[in-house]
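A short reminder: the numbers here are calculations on the coordinates, not readings from a lab. Since this is a predicted model, take the numbers as computed values, not measurements. A quick note on method: Cβ atoms are made from the backbone with ideal geometry, for glycine too, and the neighbour counts reach across all protein chains shown.
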There are 2 protein chains.
Amino acid sequence: MQNLKEIFTPCLVIDKSKLSKNIQRIKSLVSKRKINFRPHLKTVKCKEITKTFIDEFGSSAMVSTIEEIEQLKECGINDFLYSVAIVPNKLNRIAKSLSKNCEITVSVDHISMAQELVNFYKNTGSKISAVIELDFDGHRSGIRPKAKQQLCEIGKCLSDAGLFRGVMSHAGESYSLSNNKELIKCAKNEADQTLLAVSILKEASIDCELVTIGSTPTVLSDYQNNEITELRAGVFAFFDLVQAGVGICRVEEIALSVLTSVISINKEIDAIIVDAGWMALSRDRGTSSQKFDYGYGQVCFENGELIDDVIVTNVQQEHGIIQVRKGSNAKLPDIKTGEVLRILPNHACATAAAHSSYNVINNKNEVTEVWDRFNGW
Amino acid sequence: MQNLKEIFTPCLVIDKSKLSKNIQRIKSLVSKRKINFRPHLKTVKCKEITKTFIDEFGSSAMVSTIEEIEQLKECGINDFLYSVAIVPNKLNRIAKSLSKNCEITVSVDHISMAQELVNFYKNTGSKISAVIELDFDGHRSGIRPKAKQQLCEIGKCLSDAGLFRGVMSHAGESYSLSNNKELIKCAKNEADQTLLAVSILKEASIDCELVTIGSTPTVLSDYQNNEITELRAGVFAFFDLVQAGVGICRVEEIALSVLTSVISINKEIDAIIVDAGWMALSRDRGTSSQKFDYGYGQVCFENGELIDDVIVTNVQQEHGIIQVRKGSNAKLPDIKTGEVLRILPNHACATAAAHSSYNVINNKNEVTEVWDRFNGW
């Protein structure tokens with residue numbers, strides 16, 4: 001076992017007990033609500049955590065890349081839902097991962113793509129099923145839930161070929177909220193709009209076996225609806241400063257951090273310079289529109305203890321500039337070149353994506369395991 | 001050979017003839033000025049391009065990670081300069097790459113680290129030489145050029161042990177400029193301040209064998225100073241929208257782009273939705289403070305032709321939202337789901353870092369080679 005002083009920086013650190021608590025929080029919530037939970041693997045991209053998800057939640061998963069299917073199917077997942085609207089030139093690669101133990105469902109928002117899927121099935125025998133992607137706020141791909149004609153046309157096309165599974169939605173706007181009342185309203189809207197589409201399809205005799213909704217904030221809100229068959233979330237396992245700003249976790253519950261070495265002390269601008277720049281932290285500024293702007297991250301001591309009002313105020317490719325938050329009377333910690341600090345991320349998905357492994361620590365801050373992670377599409 | 005329609009998206013594309021022209025532009029400039037040129041490998045992180053650099057510029061290189069040394073030393077580089085202020089716990093790993101054919105120079109800005117280097121040499125026999133990092137604007141690590149006492153103390157400590165090579169500076173502020181007059185002023189300041197430190201050291205009988213300065217904008221400015229022994233630049237090989245905004249390249253000269261598939265058409269917000277989000281483009285918003293804000297990138301047709309005023313206005317993890325620039329009368333191209341577009345990056349270093357390979361295309365937009373790239377520290 002290594003301690004954090006001995007490992008090469010910058011690198012990712014997972015506090016295993018926080019990770020477990022975050023997973024157990026969702027586990028207890030979905031057990032109580034008696035609803036299926038489908039973890040989104042786009043955040044963790046890691047076999048060890050995926051296996052824990054399977055133990056806790058069963059063998060269905062959401063993915064944002066085909067790479068996630070290929071890398072993680074051997075963990076025992078038998079029901080993948082691919083979240084990004086599908087295009088024809090990805091079907092052949094997806095089909096290679098199909099097996100009697102591995103069903104793959106894609107999402108569509110246009111009749112032409114539904115027809116492509118049906119033709120692909122006819123021509124190749126590869127059965128890639130689909131959900132209809134719904135969109136509430138017109139912000140990207142997806143169909144408006146009340147767009148009856150489009151819904152029924154796609155639903156019937158897929159259904160007639162035995163490829164239709166149901167509808168999928170994601171309350172992405174929940175990330176911009178900041179209190180429980182707004183979150184409940186957002187979660188209710190997510191469920192109501194989704195169920196509107198389900199009822200429109202049902203009137204046309206098209207049954208949704210899968211009614212899947214969710215985002216970490218809406219899943220963790222107090223809203224519950226028994227007609228929804230499945231909830232999804234991704235960042236819940238790590239949490240991050242944006243989620244703390246939304247109000248669904250405390251900063252102390254964030255399981256992921258970046259370990260960094262102090263490489264210089266700049267007294268002129270009262271700054272600690274570290275070897276974690278945007279390559280290690282990402283350029284995500286998700287907290288910039290929240291009540292507490294953490295710059296590029298909240299700084300902690302090596303043992304994970306928060307240093308109040310000390311944040312990463314600026315980044316270059318391999319340099320992070322740590323300063324006291326503007327307007328605060330706090331002081332920088334007395335620290336020397338070569339010592340290490342830890343930085344909590346704005347957005348865990350983006351920060352994790354900058355690295356190829358996780359250093360997993362126990363309660364004594366000793367590295368007990370190193371888990372690989374991957375990127376790519 | 002594949003055409004761009006056949007390869008899996010999102011992915012990186014290098015236009016080989018633009019890459020060659022960009023490299024030849026620096027080659028011709030440094031040949032004329034009769035000065036050594038040390039390419040910074042942090043942008044490309046690729047063996048094939050590194051070999052071209054060696055052919056054109058010789059076998060010295062700048063790196064921002066030790067991974068770059070380990071991955072690229074076999075290309076034939078015998079003089080690495082590591083750009084990030086060194087800390088003790090990185091010395092052992094660096095020492096492993098030293099050989100009679102491979103010298104490694106690190107940068108220091110504090111006497112304590114100079115002493116560590118000397119002790120490391122005494123204790124292990126591993127000779128890691130060093131330059132003093134200079135800082136003009138007090139923005140991160142480095143010593144003020146006029147800080148005589150610090151300069152001479154570090155210089156003497158390293159020099160007495162036979163580890164001193166000279167001084168290193170980087171006009172990072174050049175990235176925020178936008179015309180040739182400002183650039184020349186910035187480049188002159190970079191040279192003058194660096195030479196001030198050289199003269200202070202010389203007065204103390206400490207000779208700088210290496211006087212290395214540079215950033216892509218200042219190197220490409222019209223300023224020249226014969227007392228400088230070496231210029232450095234990194235992003236020049238690819239260029240990007242930020243460099244176009246600085247005024248040192250045309251948008252048409254950018255050699256790097258992200259190939260992406262159209263996954264949905266959103267008529268409600270007049271947008272094309274593509275499968276390149278911030279995972280593929282990065283979250284860099286470097287053009288946001290420039291005269292032309294390109295959002296998250298400039299959109300081109302599959303063949304590389306620019307689509308005027310059509311940019312990526314927003315990104316999520318795996319979704320890019322393409323719209324017409326606000327205030328423009330341009331129209332979105334008439335394009336269907338499944339077709340491909342190319343996106344020029346704000347910042348080539350950040351966008352390249354999101355990928356693990358380059359698809360290299362010829363003048364007919366055919367993929368002739370795939371070059372691996374790497375990340376990590």
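Given H placed 1.01 Å from N in the peptide plane, which residues other than close sequence neighbours of B:M62 have an amide H under 5 Å from its amide H?
B:H40, B:L41, B:L81
What are the GluC sites (Glu not before Pro) within segment B:43-83 that DSSP puts in a loop, where the Cβ has at most 10 other Cβ atoms within 10 Å?
none
Once phi is turned into θ = phi - 60°, what whole-Hz ³J(HN,Hα) does the Karplus curve with 6.51, -1.76 and 1.60 give for every residue of segment B:340-350, x standing for Gly and Pro?
Going residue by residue, I get 10, 10, 10, 10, 7, x, 4, 10, 4, 4, 6 Hz, with x marking Gly and Pro.
Which value in deg cm²/dmol, rounded to the nearest 500, describes the helix-derived mean residue ellipticity at 222 nm for the protein assembly as shown, given -39,500 (n - 2.57) per DSSP H run of n ≥ 4 and division by the residue count?
Counting only the DSSP helices, I get -8500 deg cm²/dmol.
What do you get for the angle between helix B:180-203 and the principal long axis of chain B? Use alpha-carbon atoms, 0 to 90 degrees, nearest ten.
20
For segment B:16-237, just list the percent of Cα-Cα distances falling in each 10 Å bin from zero outward, please.
Each 10 Å bin holds this share of Cα pairs: 8, 35, 37, 18, 2, 0.
Within the set of other residues whose C-beta is less than 10 Å from the C-beta of B:R285, count the net charge using Lys and Arg as +1 and Asp and Glu as -1.
Result for the neighbourhood of B:R285: +1.
What distance in nm separates the simple spin-label points at A:D160 and B:L306, each placed 7 Å from Cα in the Cβ direction?
Each label point lies 7 Å from its Cα, and together they span 4.7 nm.
Please determine, in degrees from 0 to 90 and to the nearest 10, the orientation of helix B:111-124 with respect to the longest principal axis defined by the Cα atoms of chain B, where the helix direction is its Cα long axis.
In chain B, helix B:111-124 runs at an angle near 80 degrees to the longest axis.
Per-residue HN-Hα couplings for segment B:83-91, Karplus 6.51 cos²θ - 1.76 cosθ + 1.60 at θ = phi - 60°, whole Hz, x for Gly and Pro?
Those phi angles translate into 7, 9, 2, 7, 10, x, 6, 9, 5 Hz.
By the scheme Lys and Arg +1, Asp and Glu -1, what is the net charge of all other residues having a beta-carbon under 15 Å from that of A:K156?
With Lys, Arg at +1 and Asp, Glu at -1, the neighbours total -1.
If the label for B:S205 sits 7 angstrom from Cα along the Cα-to-Cβ line, what are its distances to the same label in every other copy, in nm to one decimal, shortest first?
In nanometres, ordered from closest: 10.2.
Counting other C-beta atoms within 10 Å, which of A:K32, B:K45 has the fewest, and how do the rest follow?
Exposure proxy ranking, most exposed first: A:K32, B:K45.
Round to the nearest 0.05 the FRET efficiency obtained for B:T124 and A:C102 when R0 = 56 Å and r is the Cβ-Cβ distance.
0.60
Suppose we keep just the alpha-carbon trace of chain A; what are its Rg and Dmax in angstrom?
22.1, 71
Can you list the copy-to-copy distances for A:Q224, using a point 7 angstrom from Cα toward Cβ, in nanometres, shortest first?
7.8
Take A:W278, B:W377, B:W371 and order them by how many other Cβ atoms sit within 10 Å, fewest up front.
Listed from fewest to most nearby Cβ atoms, that is B:W371, B:W377, A:W278.
Spelling out what I want: for every residue of segment B:319-335, take phi, set θ = phi - 60°, compute 6.51 cos²θ - 1.76 cosθ + 1.60 (Karplus), and round to whole Hz; glycine and proline get x.
These are the phi-based 3J(HN,Hα) values: 10, x, 10, 9, 9, 6, 4, 3, x, 8, 8, 4, 10, 5, x, 7, 9 Hz.
For label points placed 7 Å from Cα toward Cβ, what is the shortest-first list of nm distances from B:P88 to its copies?
Listed shortest first, these distances are 6.4 nm.
Find, among the residues of chain B, the one whose Cβ sits nearest the axis of the rotation taking B to A; state the distance in whole Å.
For the rotation taking chain B to chain A, the closest Cβ gives B:R283, 2.
When the Kirkwood hydrodynamic radius is evaluated over all pairs of different C-alpha atoms of the protein assembly as shown, what value in angstrom, to one decimal, is obtained?
Averaging 1/r across every pair of different Cα atoms and inverting gives 27.2 Å.
Among B:R33, B:R144, A:R232, what is the fewest-to-most ranking by other Cβ atoms within 10 Å?
B:R33, B:R144, A:R232
Evaluate the relative contact order of chain B (contact order divided by residue number), counting alpha-carbon pairs under 8 angstrom at least 6 apart; express in whole percent.
About 20 percent, as a whole number.
Tell me the trypsin sites (Lys or Arg not before Pro) within segment A:145-202 that lie in a loop according to DSSP and have at most 14 other beta-carbon atoms within 10 Å.
Here the sparse-neighbourhood loop sites are A:K146.
What FRET efficiency comes out for the pair A:E74/A:F292, r = Cβ-Cβ distance, R0 = 30 Å, nearest 0.05?
0.15
Report, by chain and number, residues whose modeled amide H sits under 5 Å from the one on A:E369, excluding near sequence neighbours (fewer than 5 apart, same chain).
Sorted by chain and number, the residues that satisfy this are A:V360.
So what is the relative contact order for segment A:16-237, in percent, with contacts set as C-alpha pairs under 8 Å and at least six apart?
19
Using alpha-carbon pairs under 8 Å, 6+ residues apart, how would you state the relative contact order of segment B:99-219 in percent?
26
Restricting attention to segment B:290-377, which trypsin sites (Lys or Arg not before Pro) occupy a DSSP loop and are surrounded by at most 14 other Cβ atoms within 10 Å?
B:K291, B:K326, B:K331, B:K336, B:K364
Could you tell me how many degrees, from 0 to 90 and to the nearest 10, lie between the Cα long axis of helix B:148-160 and the main elongation axis, the longest principal axis, of the Cα atoms of chain B?
Around 70 degrees separate the two axes.
Which distance in Å, rounded to a whole number, links the C-alpha centroids of segment B:308-323 and segment A:113-156?
23
Under a Cβ-Cβ cut-off of 13 Å, what is the net charge of the residues other than A:V251 that fall near it, where Lys and Arg count +1 and Asp and Glu count -1?
Charge balance in the 13 Å sphere: -3.
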